[in-house]
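Heads up: the structure comes next, in structure tokens.
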Amino acid sequence: MTKKILRFLFILGSIASLFFVPWPLVIAWVTPTPSTIQEQVDKAADYGFDGIIVYIDEKGKPPKFYTSGYKNRETKTPTDPHSLFKIASVGKLYTAVAMAKLVNSGHVILDESLADYFPELKGRIENADKITLKMMLQHRSGIPDYTRIQNYWAYPKQTDEEKLHLVLDLPAHFKPDTAYEYSNTNYLLLSHLIEKVTGQDKFHYIKKNILEPLELHHTYGSIKDVPMEEVMSGYYVGYKKDLKTEDHGLMLATAEDLGKFIRALNEGTVFKNKKEQDIYSSIYKYEHTGLIPGYQTIAKYHKAKDAVVIQLTNTVDFEGYQWNLSEIMYNRVVRIMSEKD
């Protein structure tokens, strides 16, 4: 590295410090993109990540895995590409697919209201009689997000009932279908609806109707359902404890299982027929990201290359710095992939 570049980095670092921009973020911005995906993935530690898994499935080619860092930093266990990972909000894609199937089968109607299915919530959730299932699926309900209640992640609730209680009797953030605001409460309620109309656990329905037909045998509904040694450790910046044992009631999957699901979703093979796919297209998207303490997930399909790219990183903060770094890493991986033959 020349003196001119070093001087430039020093000046950038000085400017960044004035605006509280972490040094790894500055380095990530100015460092040239490597020529290979593995070289980029090997920079994960420079970006502040303890471990990373990248899975790439280009149509017509064998899937490829790229890793660096640690599955467990205390034991210095290298990252395992087949580790289970908490996929956080990416699980909403599975919930939305389940809802599309239930709409297609006539079990639920998108234009019916929250109060139609849960009359006990009328008067407890503002506009419950005007909020439709479609609005909830599209995050246009105005229902407050329980995870944004002050200090939620410092003292997370253990049951769905406790989570829902946090937002009962609160004013709506806006009138139904007048704005967009991402709210985990929407999908908490939809999960309960799936269980109410099917008479079974939501994940059991997902497993039977989505996972098993796609032969996805490494996707699970809860941390309670998996061998702990198969789970990738998760860390929060400045906090020493391994967060993998924390139970947030969220799904886990291997990068490969998640990648296969994303491809099936985008190709349409997860759906029973075109009608079911059209229903899904009217209610939700075909890619997602996820963030919870210890775990960041980016799961997307790239049409130009007919490729699915999954990135899992196990070091987070809630100030957005690590998320920005994960997006820089992901975008560079996609760029390298796209520039190849």
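Bear in mind these aren't lab numbers, they're just calculated from the coordinates by the rules spelled out. Computed from a predicted model, the values in this text were never measured in an experiment. Note that each Cβ is placed from the backbone with ideal geometry, even for glycine, and that neighbours are counted across all protein chains shown.
Structure data summary
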{"read-out": "Residues residue 281 and residue 305, FRET efficiency given R0 of 22 Å [Cβ-Cβ distance, rounded to 0.05]", "value": "0.50"}
{"read-out": "Area projected by the alpha carbon convex hull of the range 35-167, averaged over all directions, nm²", "value": "12.8"}
{"read-out": "Max mean-square fluctuation residue, GNM over the chain, Cα-Cα springs under 10 Å, options 130, 224, 86", "value": "224"}
{"read-out": "Residue-averaged 222 nm ellipticity for the chain, from DSSP H runs of 4+ at -39500 (n - 2.57), nearest 500", "value": "-10000 deg cm²/dmol"}
{"read-out": "Residue among 191, 141, 105 with the largest mean-square fluctuation in a Gaussian network model of the chain, springs linking Cα atoms under 10 Å", "value": "105"}
{"read-out": "Listed residues 329, 135, 228, most fluctuating in the chain (Gaussian network, C-alpha, under 10 Å)", "value": "228"}
{"read-out": "Diffusion constant of the range 266-334 at 25 °C, which comes from Stokes-Einstein with the Kirkwood Cα-pair radius and 0.890 mPa s, µm²/s", "value": "178"}
{"read-out": "Cα-based Rg of the range 91-205 normalised by 2.2 N^0.38 Å, two decimals", "value": "1.01"}
{"read-out": "Rg/Rh for the chain, where both radii come from Cα atoms and Rh is the Kirkwood radius", "value": "0.99"}
{"read-out": "Bins of 5 Å, starting at 0 and running to the largest distance - Cα pair percent for the range 195-341", "value": "2, 8, 15, 18, 20, 16, 12, 6, 2, 0"}
{"read-out": "Those lysines that a straight Cα-Cα span of less than 17 Å connects to residue 274, excepting residues fewer than 8 apart in one chain", "value": "101, 285"}
{"read-out": "Size of charge dipole - the range 165-224 - debye, nearest 20, with Cβ of Lys, Arg +1 and Asp, Glu -1, no other charges", "value": "140"}
{"read-out": "Backbone N within the range 134-167 under 15 Å of label point (7 Å from residue 196 Cα along the Cβ vector)", "value": "134-137, 161, 164-165"}
{"read-out": "Cα→Cβ-extended label distance, 7 Å offset, between residue 118 and residue 155, nm", "value": "2.2"}
{"read-out": "Rg/Rg_ref, the range 156-274, where Rg_ref = 2.2 N^0.38 Å and atoms are Cα", "value": "1.27"}
